[in-house]
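Chemist: Here's a structure for you.
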2 protein chains.
Amino acid sequence: MKRTKYCGEIGEEDLGREVVLCGWVHRVRNHGGVIFIDLRDREGLVQVVVEESVNPEAYNVADQLRSEYVVCVKGVVRKRPPGTENPKLKTGMYEVVGYEIEVLNTCEPLPFPVEEETPVSEELRLKYRFLDLRRESMKENILFRHRSYQIIRRTLVEKGFVEVETPFLTKSTPEGARDFLVPSRLHPGKFYALPQSPQLFKQVLMVAGIDKYFQIVKCLRDEDLRADRQPEFTQVDIEMSFVDEEDVIQISEELVSNLFKELLGIDLKRPFDRISYAEVMERYGTDKPDRRFGLELVDVSQELKETHFMVFRSVLETGGVVKGMNLKGLSLSRRELDDLTKKAQELGARGLAWIKLEKGKLVSPITKFLTEGETNALLEKMGAEEGDTIVLCADSRDVVNKVLSSLRLQIAKQYGLIDEEKWDILWVVDFPLLEWDQEEGRFVSVHHPFTAPRQEDIPKLEEALRAEDPKDKIKLVSSVKARAYDLVINGEEVGGGSVRIHDPKLQKMIFDLLNISQQEAEEKFGFLLRALRYGAPPHAGIAFGLDRLLAIMRGLDSIRDVIAFPKTQKGVCPLTGAPDYVSPKQLRELHIRPVTE
Amino acid sequence: MKRTKYCGEIGEEDLGREVVLCGWVHRVRNHGGVIFIDLRDREGLVQVVVEESVNPEAYNVADQLRSEYVVCVKGVVRKRPPGTENPKLKTGMYEVVGYEIEVLNTCEPLPFPVEEETPVSEELRLKYRFLDLRRESMKENILFRHRSYQIIRRTLVEKGFVEVETPFLTKSTPEGARDFLVPSRLHPGKFYALPQSPQLFKQVLMVAGIDKYFQIVKCLRDEDLRADRQPEFTQVDIEMSFVDEEDVIQISEELVSNLFKELLGIDLKRPFDRISYAEVMERYGTDKPDRRFGLELVDVSQELKETHFMVFRSVLETGGVVKGMNLKGLSLSRRELDDLTKKAQELGARGLAWIKLEKGKLVSPITKFLTEGETNALLEKMGAEEGDTIVLCADSRDVVNKVLSSLRLQIAKQYGLIDEEKWDILWVVDFPLLEWDQEEGRFVSVHHPFTAPRQEDIPKLEEALRAEDPKDKIKLVSSVKARAYDLVINGEEVGGGSVRIHDPKLQKMIFDLLNISQQEAEEKFGFLLRALRYGAPPHAGIAFGLDRLLAIMRGLDSIRDVIAFPKTQKGVCPLTGAPDYVSPKQLRELHIRPVTE
């Protein structure tokens, strides 16, 4: 018997026809003399009916069936008897009268049910991933991902992009994270690094004249696995020649719009919003704001600049800020406010001030320290009205932004302020090029060292290199903007890119500012520097985190649910047991010895 | 200035129009007052003309240009003056009168020319891959490869295949080759293995109900780099459920036919030939025959079974064979025959006998030892005629096949017998399932341990497991055929696959025959065995070596020419310098120490 159709595709055109179906027993019920089998394959479910009186042989086989047995059924399609239709099921108007059943394989008792999506520990789900992936929602995640690949490639190929594979065994790329290393057998003591991204290769491809490149590619970073990271993840990688940021933003918006349109049926409004880094930091305290709800940060430093309230005054005098949020229409209890304060302290704040506008009065532990003018100015700036609660945080700008942006998210989740039907998509632009790293005592790249500064800012960099006073240097460099852009959806960064440096002299200048010696630059990025000297075109690009993007689009909390075979938070694959011990012979051949004291 | 068109696309519709072109200076010639620039981009070349008298400013810029400078040119398209057209060039009827030129980047003196494809050492080509890839033929290889990806995916997606990514950090898969290992930082002393192929994962996906899977995926094997191997290579990986070998062969033929049709304009005759392993070994001495030329192997053991010629007799008496080739129409000199004999000896033969039919006479060192009847029977069997040369080899069947199949190829190349216009495509089928490994003293899989035997041969395997006498066991097992198939094009294996075992009991039987203990099987393939117990459907698949397939289609000797960034034969990337030393800190974090005495 050979399959003639998928179960999920049985329809009007099959009525009265013989079909052969193959799949898994989703459910089986014996109603005394009649057995109903919900037969499932990738495309869906269909009901198979086997009657003892009509097909005793098939009935006897059907009677042995258990959940998740693999069977092949021959039968005839008919309409379900009136009143027994199942309108929730795509094939729910029909059933297959089965008269020949072959059991292709059995199934041991299940560690968790496939037919119902009861919660199961992630460890168990991953160990039995072959069962987990049979569940409807996971199967849909995998098919969704499959469709996304095709849409992405079609969009880019139509625009003249060329798909090129870059190597997996390579040299460390300077993405800042830790490399996975691969010992070389042929070159004792030497190591390959797995790619953190194809950044340098794609730039080399531009120098090679490929003009427009893309790749959907695995990247690997040996980072500490925070909340929702994976050691290997998939990037949609794009690079273009003879273009500026506008071109990259155009193609990116087209790509994301096509995905939303074709996968979710949603027309995104284009062009996407663009907001400067300075503005998002001011209004949301983060460079990846979620604007599906309000709770914007308001700077009231100006309103309080003369205050005698020492908590604020000391902060303002030392260059800090006072910023707050108006929890519009939320009247928080004392206990809720205490919890928020505790959370703020965990995030690094010294405390959290608050003011409630309740029954025409102000309730607050701090208003007594403020003048009426200060209080009124503050409340007016924050648009405070009866029933609102105001929270205020005073500290360095960095700490205030960090604390309030976190509280903002938490409050929004806790009080259901997020409109889950909404899609908030924006570009964050005008990032600083470099920032001063207090700990390391040097500048570091905000994106990566190949990001171009704005043309008009280059003289500032030259001046900074000549500056004697470190303060002047920091001031000059801090004002230099990068030609970089990040795409943020619902408060998560899903892509980022930049116009690259194509002038070897400018690249050297950046390395100088980053305190990277010529020798170090040669060692680490020598091949890019060499490429830039041999006719590098102006170029720019972007990379999207596909796992993250798909998880957001599917409304999933974890990227692990859009990856067929993910690792746990500890970097373990419960399905295969990787990583694992290897034989002494393997280690000898690789010229390494484990050190595990 | 922003590009309006690719250089290579200038055509009739642009006449009289202003265009902006961006690209590289392919060639530049100053004809006193008129400068001709061949401007090149990914899509081709166009001639730009700059006249001093008309555009002195642009002329002065053009006068500074050198090879591979990057420029942007604004100008107007016109017909080339009569007599100056270049019909070899796609844009050869037109030229662009340039009146504004911007130099976007310069280029240092080239290590080798880009405009002419002079031979360059591979080391230098790879070090300056960004220049090497600008050369026309290499650029075409990369674009050819790009197009192949799209054709492959379109073909498979249309047939309902689902693209799924499988992990890179995983556990050793049992493909027989050496694994690349990745030390785990979070799990001291443990290692991930990079995938030699997604074999087990794709089988797990079938158990998960994905039904039809494909992926174009990098695979990594730490093999000794023979002639034309790469440590990382690309596989077109396919797996299907509820199918047999016929379905896999169908989709494979469609895939290959689409590639030939769309990339080379060649209609392949379908179905492709299928020849059994036994027959190709008999006729060509190899399981990947090149049938673009004759020189078939002929077994003359039967004709010589009574011979008194000791060289042959001793071989035949000990189970060996005498096989030969008729070098049709080739009258080899004594010296050429000596060279062939030497080559045969290098390949493991004790010698090579020969007979020439020259001027109505037999010239041979061996005919004097044969009876006239034997000689005549032999010559008749081999279809020998005036002008032919016969070579004969006597030894064990394995040695004879190895020697003659190698000589066959060498003779064909040396004497130009290969019809380079021809495509020889065939399936080799009916492979043995297992073969006895004399060295290891056990059976080994001819394909891999998950390959299904023919249904009718399963009783033989059961009998073999029960057999007491090792000879009986070997005889029984050797007669078992696998449900495997290899695709061979022009004498190179480009793909191979099989119907897989989906019955855990049968899988265990195979492990037993392979002398793999239950514990070892559990450790190595535990997750597959587990998967088989939970409702595994019948499934089958195939994998194609994409690099090899593309190299053959492009008529290239080396797969390195279809890979953007390949490694040398020593596993080195001259572009990046990988592999390289890493810092002691990195090694400490990975809990390993190099051992390099």
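Chemist: Rounded, prolate or oblate for chain A? Axes are the square roots of the Cα gyration tensor eigenvalues, ordered a ≥ b ≥ c, and the cut-off for rounded is a/c under 1.5.
Modeler: It is oblate, given that a/c is not under 1.5 and a/b is not larger than b/c.
Chemist: Toward the positive end of the charge dipole of the protein assembly as shown, about the Cα centre and with charges on Cβ (Lys, Arg +1; Asp, Glu -1), which of A:T307, B:V207, B:L263 goes farthest?
Modeler: The listed residue farthest towards the positive side: A:T307.
Chemist: Using the Cα centre of region B:7-105 as origin and beta-carbon charges of +1 (Lys, Arg) and -1 (Asp, Glu), tell me which of B:P87, B:G75, B:V34 is placed farthest towards the positive end of the dipole.
Modeler: B:P87
Chemist: Across peptide B:579-585, what mean number of C-beta atoms from other chains lies inside 10 Å of a residue's C-beta?
Modeler: Average neighbour count from other chains, rounded to a whole number: 6.
Chemist: Then there is this: Using the Karplus equation 6.51 cos²θ - 1.76 cosθ + 1.60 (θ = phi - 60°), what ³J(HN,Hα) coupling, rounded to whole Hz, does each residue of region B:469-485 give in order, writing x for Gly and Pro?
Modeler: Values per residue, Gly and Pro as x: 6, x, 5, 4, 4, 4, 5, 4, 5, 5, 8, 7, 9, 8, 8, 10, 8 Hz.
Chemist: Moving to a separate point now. Would you tell me the mean number of C-beta atoms belonging to other protein chains that fall within 10 Å of each C-beta in B:125-135, as a whole number?
Modeler: What the average comes to for B:125-135 is 5.
Chemist: Would you work out the charge dipole size for chain B about its Cα centre, treating the Cβ of every Lys and Arg as +1 and the Cβ of every Asp and Glu as -1, and quote it to the nearest 20 debye? Numbers along the way, then the final one.
Modeler: Working: 86 positive and 100 negative charges, 176 e Å.
The calculated dipole for chain B is roughly 840 debye.
Chemist: Also: Under a 5 Å amide H to amide H cut-off, with H placed in plane at 1.01 Å, what residues pair with A:L362 once short-range neighbours are removed?
Modeler: Result for A:L362 returns nothing.
Chemist: Moving on. So if I place +1 on the C-beta of Lys and Arg and -1 on the C-beta of Asp and Glu, and nothing else carries charge, what would the dipole magnitude of the protein assembly as shown be about its Cα centre? I want it in debye, nearest 20.
Modeler: Computed charge dipole of the protein assembly as shown: roughly 1100 debye.
Chemist: What part of the accessible area of the protein assembly as shown, given as a whole %, is carbon or sulfur when the probe is 1.4 angstrom? All intermediate terms of the calculation are to be shown ahead of the outcome.
Modeler: Numbers: 24100 of 49800 Å².
Here carbon and sulfur together make up 48 percent of the probe-accessible area.
Chemist: I've got another one for you. What order do you get for A:245-257, A:338-350 when each peptide is scored by the mean count of other beta carbon atoms within 10 Å, highest first?
Modeler: Listed from highest to lowest mean packing, they are A:245-257, A:338-350.
Chemist: Treating cross-link reach as a plain straight distance, find the aspartates and glutamates whose alpha-carbon is under 20 Å from the alpha-carbon of B:K505, omitting any fewer than eight places away in the same chain.
Modeler: Within reach: A:E68, A:E102, A:E108, B:D244, B:E456, B:D457, B:E462, B:E463, B:E520, B:E522, B:E523.
Chemist: Order the peptides B:435-441, B:45-51 from the highest to the lowest mean number of other Cβ atoms within 10 Å of their residues. Mind showing how you got there, number by number?
Modeler: Working: B:435-441: 10.1, B:45-51: 24.4.
Peptide ranking by packing, descending: B:45-51, B:435-441.
Chemist: Let me ask you something else. Determine the alpha carbon to alpha carbon distance for each of A:K127/B:K190; A:K343/A:K422; A:K473/A:K508 and list only those over 26 Å.
Modeler: Exceeds cut-off: A:K343/A:K422.
Chemist: Another question, if that's okay. Roughly how many debye, to the nearest 20, is the charge dipole of region A:7-105 about its Cα centre, given +1 on each Lys and Arg Cβ, -1 on each Asp and Glu Cβ, and no other charges?
Modeler: 340
Chemist: Out of all DSSP beta bridges with both ends in the protein assembly as shown, state the antiparallel percent to the nearest 5. Mind dumping the intermediate values first?
Modeler: Working: 191 of 210 bridges.
Of those bridges, close to 90 percent are antiparallel.
Chemist: List every residue whose amide H lies under 5 Å from the amide H of A:K190, counting only residues 5 or more places away in sequence or on a different chain, with H placed 1.01 Å from N in the peptide plane.
Modeler: So A:K190 has HN proximity to A:S184.
Chemist: Taking the mean number of other Cβ atoms within 10 Å as a proxy for protection, how do you rank B:109-118, B:582-591, A:197-206 from highest to lowest?
Modeler: By packing density, highest mean first, the sequence is A:197-206, B:582-591, B:109-118.
Chemist: Can you list, shortest first in nanometers, how far B:K343 lies from the same residue in the other copies, with each label 7 Å from Cα toward Cβ?
Modeler: Copy-to-copy label distances at B:K343, shortest first: 7.9 nm.
Chemist: Put a point 7 Å out from Cα along the line to Cβ at A:R466; what are the distances to that point in the other copies, in nm, shortest first?
Modeler: 9.6
Chemist: Now a separate question. I need the inter-copy label distances for A:S137: point set 7 Å along Cα to C-beta, values in nm with one decimal, smallest first.
Modeler: From this label point to the equivalent ones elsewhere in the assembly: 5.7 nm.
Chemist: Charges on Cβ only, +1 for Lys and Arg, -1 for Asp and Glu, centred on the Cα centroid of chain A; of A:P574, A:F443, A:S517, which one is farthest towards the dipole's positive end?
Modeler: A:P574
Chemist: In peptide B:562-575, what is the residue-averaged number of other protein chain Cβ atoms found within 10 Å of each Cβ?
Modeler: Values: counts 0, 3, 10, 9, 1, 4, 0, 1, 3, 7, 4, 6, 1, 11.
Per-residue shielding by partner chains comes out at 4.
Chemist: Applying 1/(1 + (r/R0)^6) with R0 = 45 Å to the Cβ-Cβ distance of A:E136 and A:E589, what FRET efficiency is obtained, to the nearest 0.05?
Modeler: My answer for the efficiency is 0.45.
Chemist: Let me ask something else. Using only protein heavy atoms and a 1.4 angstrom probe, determine the accessible area buried between A and B, summed over both sides, in Å² to the nearest 100.
Modeler: Interface area, both chains combined: 10800 Å², rounded to the nearest 100.
Chemist: Also: How much accessible area per residue does the protein assembly as shown have, counting only protein heavy atoms and a probe of 1.4 Å, in square angstrom?
Modeler: Here the per-residue accessible area is 42 Å².
Chemist: If contacts are Cα pairs under 8 angstrom and at least 6 residues apart, what is the relative contact order of chain B in percent? Mind showing how you got there, number by number?
Modeler: Numbers: 1090 pairs, mean separation 78.0, N = 597.
Computed value for chain B: 13 percent relative contact order.
The values are calculated or read from the model by the stated rules, or taken from the named source; none is laboratory data. This one's a predicted model, so the numbers in the text were calculated from it and none came from an experiment. Neighbour counts run over all protein chains shown; Cβ positions are idealised from the backbone, glycine included. With ligands, DNA and RNA removed, areas are computed over all heavy atoms of the protein, side chains included. Shrake-Rupley method; radii C 1.70, N 1.55, O 1.52, S 1.80 Å.
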